[in-house]
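The values are calculated or read from the model by the stated rules, or taken from the named source; none is laboratory data. Because the structure is a prediction, the values reported are computed rather than measured. When we count neighbours, we look across all protein chains shown, and the Cβ atoms used for this are built from the backbone with ideal geometry, even at glycine.
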Amino acid sequence: MIFSSLMNNWGPFVLFMVALVVSTLFVLLGAIPVLLVRNLIHKRPAWTGVGVWLFYPLVATLIIAGFVGSFLYAGSKGIDEYTTVKWMNILIITAFVFGYAMKKFWPLRTKWTFWAALGVLIVVHFAILSRLHWEQASYFWLLVVVGVPELALVFFLLGVTFDPQGSLTE
């Protein structure tokens with residue numbers, strides 16, 4: 001009775017966010033004492049690294065909320081699950097491939113040519129992956145089947161164009 005009245009008043013996304021925030025707080029309640037004890041054992045100041053430990057659950061909470069929120073919103077607008085999950089998979093692969101590419105070629109961040117090349121690769125990435133027809137919407141191995149070879153290709157193309165230490169290849 002109470003759950004159904006909350007569901008009518010708040011909606012599924014707000015209920016999910018409440019559960020996500022509560023679970024994040026439970027994780028932090030366990031993680032911060034572990035960090036404090038670890039710092040004391042290694043004879044570091046007690047609060048060293050607490051900001052980072054607080055930052056990671058916050059970022060994870062926002063990412064999860066974004067994906068679940070978009071999934072619930074798409075469902076409320078009548079967009080089929082296949083399309084929603086397909087685009088979520090594409091976004092996850094994009095974050096994986098181009099996140100690692102930016103990490104490896106980070107010394108090039110001040111060069112506009114690096115960002116132009118990365119932008120072209122991202123456009124090609126979306127153009128190709130949006131055209132693929134997947135047999136199953138929840139294709140879990142897509143990151144391995146598509147992401148890892150694409151990561152190798154992006155590393156190769158950026159490696160041919162740029163030196164990972166921060167200069168153009170001659």
Practice task
Check segment 142-152 and report whether any residue there is surrounded by 14 or more Cβ atoms within 10 Å (Cβ to Cβ) and either assigned by TED's automatic domain parsing to the domain that holds residue 39 or of a type in the set (Val, Ile, Thr) (or both).
Solution key: yes
Problem - Pick from segment 29-48, criterion in contact with a helix residue (DSSP H, G or I) (Cβ under 6 Å, 6 or more places away or on another chain) and assigned to a loop (DSSP other than H, G, I, E, B), ranking: surrounded by the most Cβ atoms within 10 Å (Cβ to Cβ) - result: 48
Exercise for the section: Quick one: residue 138 ticks every box in (1) modelled with pLDDT under 90; (2) more than 18 Å from the chain's Cα centre (by Cα) except a single one, so which number is it? Expected result: (2)
Exercise for the section: Note down all Cβ pairs under 9 Å where the first residue falls in segment 122-143 and is over 27 Å from residue 102 (Cα atoms), the second is modelled with pLDDT of 65 or more and in a loop (DSSP other than H, G, I, E, B), and they're at least six residues apart or on different chains. Expected result: 137/80
Exercise for the section: With the checklist (1) polar (S, T, N, Q); (2) closer than 30 Å to residue 122 by Cβ; (3) over 20 Å from the mean Cα position of the chain (by Cα) in hand, flag the one item residue 39 doesn't pass. Expected result: (2)
Fill in the blank from the handout: Of the residues in segment 83-117, those that are touching a helix residue (DSSP H, G or I) at 6+ places or on another chain (Cβ under 6 Å) and not in a helix (DSSP H, G or I) come to 105
Exercise for the section: Please work out which residue is modelled with the highest pLDDT, limiting yourself to segment 27-83 and to residues that are in contact with a Phe, Trp or Tyr (Cβ under 7 Å, 6 or more places away or on another chain) and more than 19 Å from residue 14 (Cβ to Cβ). Expected result: 35
Completion exercise
When every residue in segment 71-81 that is surrounded by 14 or more Cβ atoms within 10 Å (Cβ to Cβ) and touching a residue at least 12 places away in the same chain (Cβ under 8 Å) is compared, the one farthest from the chain's Cα centre (by Cα) is 72
